[in-house]
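Have a look at the structure below before the remarks.
None of the figures in this text is laboratory data; all of them are computed from the coordinates on show. In this text, all values refer to a predicted model and were calculated from it rather than measured experimentally. Cβ placement follows ideal geometry from the backbone for every residue including glycine, while neighbour counts extend to all protein chains displayed.
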Amino acid sequence: MANTAQARKRARQAVKLNAHNSSLRSRLRTAIKAVRKAVVAGDKAKAAEIFKAAQSTIDSLADKRMVHKNKAARDKSRLSAAIKAMAT
């Protein structure tokens, strides 16, 4: 339990920040899942379109340091490879 005013404030801020970060992480995972779902469905054009939107989401979260830049690059690379591997 926080005993000082400063500690109570930091606890309040931590709750707020945790909620915000959780929503950003969820947005990242949802964007990746959407591309994977489009790849499984087999529509290459739609998968590429969704990937373009997901790419900007992944990049913006990497810029905010929600995920490491290498993880962001790895995710984008794997999604891109999955789209390229689809039959045309």
>> Need one number: nm distance between label points at Arg10 and Lys71, each 7 Å from Cα along Cα→Cβ, rounded to one decimal.
In response: 2.4 nm
> So what is the calculated 222 nm ellipticity per residue for the chain, using -39500 (n - 2.57) for each DSSP H run with n of 4 or more, over all residues, to the nearest 500 deg cm²/dmol?
Replying inline: -30000 deg cm²/dmol
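If you average the sequence gap of Cα pairs under 8 Å that are 6 or more apart and divide by the length of the chain, what percent do you get for the contact order?
Over the chain, the number comes to 30 percent.
Provide the packing ranking of 4-16, 20-32, 38-50, i.e. peptides ordered by the mean count of other C-beta atoms within 10 Å per residue, highest first.
The packing order, highest mean first, is 38-50, 20-32, 4-16.
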>> If you split all Cα-Cα distances of segment 23-88 into 10 Å bins from zero, what percentages do you get per bin, shortest first?
In response: 24, 53, 21, 2
>> I want to check the label-to-label distance for Asn21 and Lys33. Put each point 7 Å from Cα in the C-beta direction and report it in nm to one decimal.
In response: 2.1 nm
